[in-house]
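The values are calculated or read from the model by the stated rules, or taken from the named source; none is laboratory data. Computed from a prediction, not measured in an experiment: that's the story for all the values here. FYI the Cβ positions are ideal-geometry reconstructions off the backbone, even for glycines, and counts take in every protein chain you see.
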Amino acid sequence: MSFKTFKGGIHPGYFKSATEGKPTVPARPPSLVVIPMAQHIGAPCEPLVAAGDEVKMGQKIGDSKGFVSAPVHSSVSGKVVKIDSCNHPLGRPVQAVYIESDGQDTWHGDVQPRPDYEKLTAEEIKKIIREAGIVGMGGATFPTHVKLSPPPEKKIEYVLVNAAECEPYLTADHRAMLERPEDIVTGLRLVMKAVNAPRGFIGIEDNKPDAILAMTKAVAGDSSIVVATLHTKYPQGAEKQLIKVCTGREVPSGGLPMDVGCVVQNVGTCIAISDAVRFGKPLIERIVTITGSGIMEPKNMLVRVGTMITEVVEQCGGFRPNIRKLILGGPMMGLAQPGPDLPVIKGTSGILCLTDAEVELDEIRPCVKCAKCVDVCPVSIMPLFIGGSVEHGMYDKAEEFNAMDCIECGCCTYICPAKRPLVQWIRMAKGDIAARRRK
Ligand code: SF4
Ligand code: SF4
């Protein structure tokens, strides 16, 4: 079924051809994993283990009493060598558990299949998802059990799977749809049961016809789930845009998908839910796209959480000498890193290695009032005014211009002929506004 598009957005180059046709390959089991205690939005975990402890694969090694949080698990069996800080994609060091693998991959006793999983209640499904440490794997890393626990007055009617993968370069979700379509549908059905939603959508951009075919086959005979063919446009996979296109409903300013009866889940998250509920497996691995012209052999790899990026890069033949920029995630919403000395975490969808040819280093120039940033903004705010306010330190003005409605898609920065770092400025404004509101 074809659907209309949303207002604004851009058409950046796809740059997916290097990996979209490559099946996912398992990464070499790591000899050491570094598991950060903060891999999600919300309260960081406290370690449940100490140096010298023996651990099993899938064992919970960190947890928090906070509701908005998600436990973390060991992705190997072996020995805890230390609790120390490690680099994190968000730029500040976080506490982490360092585990040396014994090479045996012995599963923890709690990891058991549930052949009768279809009899589980909604509450039991949510509890399993929480205990498995599942978070939004598209990059947002919001704890999934929290998303699935709206207040009683918010009736959920639709669960939408964001299968758009609209970020250039990334192909992890595309490969997952070709390789594990039934598991994605199982995960979606479990989420529908958990929130008591009668309808499901799987939204896929029309530049992935093979994925549309695979998912259509996987839902055949189930009239409660619709595979929605979406126009290829960035940011098609943003929650509010996906909801608008699939259901016609508009999430209000400052509102959440649950306010219009919707819950959105990522493709990888659905697979993680299926694995947790059916097989008792916590979230300890994920598909990562390693690509860009700065890497020798672009690949899609199944990587254990806690594997060092350096090790993953080495299994792709290493960096090319002219690499200029390393980004975790896609080029639009990913996070640029000073180097590869950090671990893969639950939200690492891509390792993007860009060269001089792919990185623009133009100087920031004054705004020429062309309004292109306004035209492409999918949430209809005024990036030029918010950016201008931040440039002059006027954060309260940025709030008046609805900076908090920005979904940080980066369309304005992409289109700006004056190369103004609009989304970066808006992120700063949002941080300042949020801090003031907390006070
Ligand atoms: S202001 Fe925010 S939402 Fe609008 S285009 Fe820029 S980054 Fe996207
Ligand atoms: S796109 Fe850039 S130059 Fe044009 S109005 Fe927006 S900020 Fe100004």
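A few comments on the model shown:
- Residue list for region 36-85, restricted to those being more than 28 Å from LYS126 (Cα to Cα) and either surrounded by fewer than 20 Cβ atoms within 10 Å (Cβ to Cβ) or among the acidic types (Asp, Glu) (or both): ALA50, ALA51, GLY52, ASP53, GLU54, LYS79, VAL81, LYS82, ILE83, ASP84, SER85
- Among residues of region 262-288 that are at positive phi, those with a Cβ under 8 angstrom from a residue that is surrounded by fewer than 23 Cβ atoms within 10 Å (Cβ to Cβ) and polar (S, T, N, Q), sequence gap 6+ or separate chain, pair up as GLY280/GLN112.
- Counted as qualifying within region 78-197 are the strands (runs of 3 or more DSSP E) with 2 or more residues that are in contact with a Leu (Cβ under 6 Å, 6 or more places away or on another chain) and modelled with pLDDT of 95 or more, namely 158-162.
- In region 362-380, the residues that are within 7 Å of ligand 1 (Cβ to nearest atom) and of a type in the set (Val, Ile, Thr): VAL376, VAL379
- Complete set of residues in region 359-376 that are surrounded by fewer than 18 Cβ atoms within 10 Å (Cβ to Cβ) and touching a residue at least 60 places away in the same chain (Cβ under 8 Å): ASP375
- Residues satisfying the stated conditions in region 393-437, i.e. charged (D, E, K, R) and either within 16 Å of ligand 2 (Cβ to nearest atom) or under 18 Å from VAL376 (Cα atoms) (or both): LYS397, ASP405, GLU408, LYS419, ARG420, ARG427
Matching residues to (1) at pLDDT below 95; (2) not assigned by TED's automatic domain parsing to the domain that holds LYS430; (3) not aromatic (Phe, Trp, Tyr):
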residue: ARG365; (1), (2), (3): yes, yes, yes
residue: VAL376; (1), (2), (3): no, no, yes
residue: SER380; (1), (2), (3): yes, no, yes
residue: PRO383; (1), (2), (3): no, no, yes
residue: SER389; (1), (2), (3): yes, no, yes
residue: HIS392; (1), (2), (3): yes, no, yes
residue: ASP396; (1), (2), (3): yes, no, yes
residue: GLU399; (1), (2), (3): yes, no, yes
residue: MET404; (1), (2), (3): yes, no, yes
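- Of all residues in region 381-417 being more than 10 Å from ligand 1 (Cβ to nearest atom) and among the hydroxyl-bearing types (Ser, Thr, Tyr), the one that is surrounded by the fewest Cβ atoms within 10 Å (Cβ to Cβ): TYR395
- Only residues that are over 15 Å from VAL288 (Cα atoms), touching a residue at least 24 places away in the same chain (Cβ under 8 Å), part of a loop (DSSP other than H, G, I, E, B) and not hydrophobic (A, V, I, L, M, F, W, C) were counted across region 315-338, and they come to 2.
- Across region 1-54, the qualifying residues are those that are among the basic types (Lys, Arg) and in contact with a helix residue (DSSP H, G or I) (Cβ under 8 Å, 6 or more places away or on another chain), and the one among them that is modelled with the lowest pLDDT is LYS4.
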